[in-house]
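Undergrad: My questions all concern the structure below.
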Amino acid sequence: MALQYLENGEILENEVVGPDTWRMAIRAPKITDAAQPGQFVMVAVGHESSDPLLRRPLSIHRAENDVLTLLYRIVGKGTKLMSHMKRGEDISLLGPLGKGFQLHATEHHCLVGGGLGVAPLLFLAKEIKRRLPDEKMTILLGGRNSKELLVLADFQHVAPVLVATDDGSQGLHGLITALLDQEISGPATIYTCGPSPMMKGVASLARHRNWPCQVSLETMMACGMGACLGCTVQRAGIDETEKKYVHVCKDGPVFEAGEIWL
Amino acid sequence: MAVDTSVNIGDLNLANPIMTASGTFGYGEEFTPFVNLSSLGAIVVKGISLNPRPGNPPPRVVETASGMLNAIGLQNVGVDRFITEKMTMIRTLGAKVVVNILGDSLDDYRELAARLDDVDGIAAIEVNISCPNVKKGGVAFGTDPLMAAKVADVVVRQSSRPVIIKLSPNVTDITVIARAVEEAGVTAISLINTLMGMAIDIRTARPKLANIIGGLSGPAIKPVALRMVYQVASVVKIPVIGIGGITTLDDVIEFMMAGATAVQIGTANFVNPAVSGELVVGFKKYLEDSGRSTATELIGCVLR
């Protein structure tokens with residue numbers, strides 16, 4: 001089994017980076033050192049209180065020099081509490097968890113992120129650049145508007161970035177799938193994370209173009225480590241057996257698009 | 001001063017009263033980075049049925065105030081793969097292992113008990129009777145004293161090991177069920193399984209669980225569980241194992257004072273995977289600090 005740790009990290013930074021979106025940097029050497037792109041951590045947000053009870057699964061946004069960075073959106077009580085945490089405080093992390101992106105040599109790495117789905121893609125982009133420096137990489141980012149193109153500059157430091165917005169306030173006026181369809185030709189490998197309709201569209205285009213496509217999923221989960229069996233998604237083409245479902249926490253969160261029903 | 005942390009569930013001696021609850025600890029393997037499994041009183045593995053079960057469609061879990069609802073649907077690999085694959089792994093863990101079983105019919109329970117009786121490395125059987133009885137229109141075995149006693153009877157007859165019956169709290173009077181299974185000859189009673197609950201997403205106007213209804217667990221149910229443990233321990237002579245929202249050392253002590261011989265840690269494993277091991281250490285220290293020499297002194301303090 002891959003190394004997993006329960007680690008108390010020190011918060012180095014917790015700041016707003018977009019609409020309801022925050023970035024937290026945590027000194028957590030053990031988890032940072034073991035982390036792979038696409039993996040996640042379970043974050044204790046409730047201090048010693050029982051409400052909220054469960055940890056929150058958050059994908060690893062960056063992992064470098066003993067510092068783990070998380071990009072998160074305030075969607076409920078837990079993430080709200082997280083946004084109130086201050087520099088210098090401790091935060092309990094469990095990780096790194098799950099199966100991340102598989103990196104293979106390919107002619108063109110295309111990273112496609114929508115909204116908060118960009119979170120795991122920055123770590124991935126940096127790893128591709130570090131491990132496969134000679135290979136072509138393009139990053140496609142989408143959001144409702146220009147404000148929702150999160151941490152754009154961080155991506156631009158790594159590779160060429162193309163953008164699409166629903167309202168046309170920046171880049172292509174339209175869906176990111178249209179951008180992908182227009183801009184990418186020839187063989188490519190797709191890595192995508194974002195809202196479920198977006199990933200469905202990206203996976204469908206990838207299938208038509210014969211591009212391998214990895215999708216990073218998010219679900220409700222209680223434990224993050226394969227014990228609660230709460231975070232299921234259905235496998236494609238498998239009937240009523242014990243193999244009908246896979247678990248996002250252990251079998252994923254990154255899957256080959258053809259492996260599951262999106 | 002040396003203290004004796006051990007407790008007995010019939011002939012089964014546990015090094016301490018800390019167990020893990022079925023369905024919250026996988027088959028133990030996932031927790032090895034965080035807990036020395038051989039330090040625990042015992043682990044109870046995920047419930048096993050005769051045939052593999054895929055479980056319910058998602059969403060299967062939802063958080064509620066100080067608790068969570070689950071409708072996993074008893075997903076498991078089935079008894080054949082459990083014996084050939086899981087038990088082989090489990091035997092290497094060094095833990096005392098209780099196997100939890102569940103069925104749709106009396107025949108299921110009988111066959112499961114018989115199959116597992118030939119398998120090495122099992123310390124006891126725990127019987128989940130909260131599942132629907134398919135032949136009786138889906139009424140849970142555990143809600144009818146007669147049916148509960150019948151299940152207890154068939155498992156006890158097939159099993160040379162201690163048999164623990166896990167009671168459902170979704171009944172009018174749990175002491176009636178407890179007495180019925182005691183009479184059928186079980187070694188011990190564990191309680192409570194989850195309380196039936198529900199949550200609705202008001203934005204979509206749909207239930208939050210695909211199964212609509214699920215089982216509530218976590219600190220929210222602790223007072224209910226404690227009350228039921230107290231009630232059952234008051235009327236039976238066999239050991240009682242307390243389950244329900246146990247998270248802290250204080251919770252462990254409370255359940256033992258209410259009459260529990262041992263306890264099972266459930267939902268707390270999801271929040272802190274190291275918690276069971278921490279409670280073992282904390283329990284020993286508690287006995288030392290409180291001037292008690294044995295764990296058994298605590299059991300049922302408030303009943304006397």
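Undergrad: Does residue A:48 meet the test of being within 19 Å of residue A:116 (Cα to Cα) and free of Cβ contacts under 8 Å to residues at least 24 places away in the same chain?
TA: Working: within 19 Å of residue A:116 (Cα to Cα): no; free of Cβ contacts under 8 Å to residues at least 24 places away in the same chain: yes.
In short, no.
Conditions (1) at negative phi; (2) at pLDDT 95 or above, marked per residue:
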position	(1), (2)
A:196	yes, no
A:212	yes, yes
A:218	yes, no
A:224	no, yes
A:234	yes, no
A:237	no, no
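Undergrad: Is there any pair linking a residue in the stretch B:23-35 that is more than 7 Å from every other protein chain (Cβ to nearest Cβ) and buried (at least 20 other Cβ atoms within 10 Å of the Cβ) to one that is among the small types (Gly, Ala, Ser) and in a loop (DSSP other than H, G, I, E, B), with Cβ under 9 Å and at least six apart or on different chains, and which?
TA: B:23/A:227; B:23/B:266; B:28/B:95; B:31/A:227; B:31/B:274; B:35/B:28; B:35/B:274
Undergrad: Quick check on my filter: what residues within the stretch A:98-134 are farther than 12 Å from residue A:215 by Cα and in contact with a Lys or Arg (Cβ under 8 Å, 6 or more places away or on another chain)?
TA: Those that are farther than 12 Å from residue A:215 by Cα and in contact with a Lys or Arg (Cβ under 8 Å, 6 or more places away or on another chain): A:98, A:103, A:107, A:108, A:109, A:115, A:116, A:122, A:123, A:126.
Undergrad: Ok, one more. Where the second residue is open to solvent by less than 30 Å² (accessible area, probe 1.4 Å) and part of a strand (DSSP E or B) and the first is among the basic types (Lys, Arg) and lies in the stretch B:163-179, which pairs have Cβ atoms under 6 Å and are six or more apart or on separate chains?
TA: So the pair list comes out as B:166/B:126; B:166/B:128; B:166/B:190.
Undergrad: Then there's this: Only residues in the stretch B:51-73 that are under 19 Å from residue A:45 (Cα atoms) count as the first member; pair them with residues that are among the basic types (Lys, Arg), Cβ under 6 angstrom, at least 6 apart or cross-chain, and list the lot.
TA: B:62/B:208
Undergrad: Quick check on residue B:248: is it at pLDDT 95 or above, over 24 Å from residue A:229 (Cβ atoms) and under 20 Å from the mean Cα position of the chain (by Cα)?
TA: Numbers: at pLDDT 95 or above: yes; over 24 Å from residue A:229 (Cβ atoms): yes; under 20 Å from the mean Cα position of the chain (by Cα): yes.
Judged against the criteria, residue B:248 is a match.
Undergrad: Scan (1) away from chain B (no Cβ under 14 Å); (2) open to solvent by less than 10 Å² (accessible area, probe 1.4 Å) for the single condition residue A:249 breaks and write down its number.
TA: Failed condition: (1).
Undergrad: Determine whether the stretch B:53-68 contains at least one residue that is assigned to a helix (DSSP H, G or I) and more than 7 Å from chain A (Cβ to nearest Cβ). Walk me through it before giving the result.
TA: If we filter the stretch B:53-68 for residues that are assigned to a helix (DSSP H, G or I), which is where we start, we get none.
Scanning the stretch B:53-68 turns up no residue that is assigned to a helix (DSSP H, G or I) and more than 7 Å from chain A (Cβ to nearest Cβ).
The values are calculated or read from the model by the stated rules, or taken from the named source; none is laboratory data. Computed from a predicted model, the values in this text were never measured in an experiment. All Cβ positions, even for glycine, are placed from backbone atoms using ideal geometry, and neighbour counts span all protein chains on display. Note: accessible area is taken over every heavy atom of the protein model, side chains too, but ligands, DNA and RNA are not part of it. Shrake-Rupley method; radii C 1.70, N 1.55, O 1.52, S 1.80 Å.
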